[in-house]
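To start, the structure itself, in structure tokens.
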Amino acid sequence: MKRLITLIFTLFLSLTLSGQAVEFTVDGPSVVTVGEVFRVEFSLTEKADSFTAPSFEGFTVLAGPSTSTYSQRSIINGQITSSTTYGYTYVLQCSEAGIHTIGAAEAEVKKQTVRTRPYSIEAVADSRAVAPQGGQG
């Protein structure tokens, strides 16, 4: 009996999830200080058959990609929801002030190619290097 319930639950879950579109997003800081070490994460709602890193022009890649998987299941008012997110994290550093753009990452999921949007990060000079406004006279 337990196996039958598990089978029905698995079939229901797979039918519920199969109609959803693949989401591929990028997240990171919008402003960093020149020389600051920071992370940028690319997240997929489906497991990728392949992942192609974006262009990191203007940045130094210190580490990555580091991969991760996050699964969540919940039952609310008898409604079962489940989600899994696959992450690709890079540790970056910017050595020059200005607005720099990380290109679009690309992944193939079930013979479909998905891309993130380009992601811009502004690198500002270190606040200690900026002359104080006003000053004492």
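Taking other residues whose beta carbon is less than 14 angstrom from the beta carbon of ALA107, and scoring Lys, Arg as +1 and Asp, Glu as -1, yields -1. These residues, TYR119, TYR86, go from largest to smallest accessible area, 1.4 Å probe, as TYR86, TYR119. Subtracting the Cα-Cα distance of ASP49 and ALA125 from 0.36 nm times their residue separation leaves 23.4 nm of extension gain.
Given R0 = 25 Å, the distance between the Cβ atoms of THR60 and ASP27 translates into a calculated FRET efficiency of 0.80.
Each Lys or Arg adds one and each Asp or Glu takes one away; over the other residues whose Cβ falls under 15 Å from the Cβ of GLY87, this sums to -2. Of the GluC sites (Glu not before Pro) in region 28-137, the ones in a loop by DSSP (not H, G, I, E or B) with at most 14 other beta carbons within 10 Å are GLU36, GLU57, GLU96. In this structure THR85 has an accessible area near 50 Å², from a 1.4 Å probe over the protein heavy atoms.
The values are calculated or read from the model by the stated rules, or taken from the named source; none is laboratory data. Note that the structure is predicted; figures quoted are calculated from it, not measured. As a convention, Cβ positions derive from the backbone with ideal geometry for all residues, glycine included, and neighbour counts pool all protein chains shown. With ligands, DNA and RNA removed, areas are computed over all heavy atoms of the protein, side chains included. Shrake-Rupley method; radii C 1.70, N 1.55, O 1.52, S 1.80 Å.
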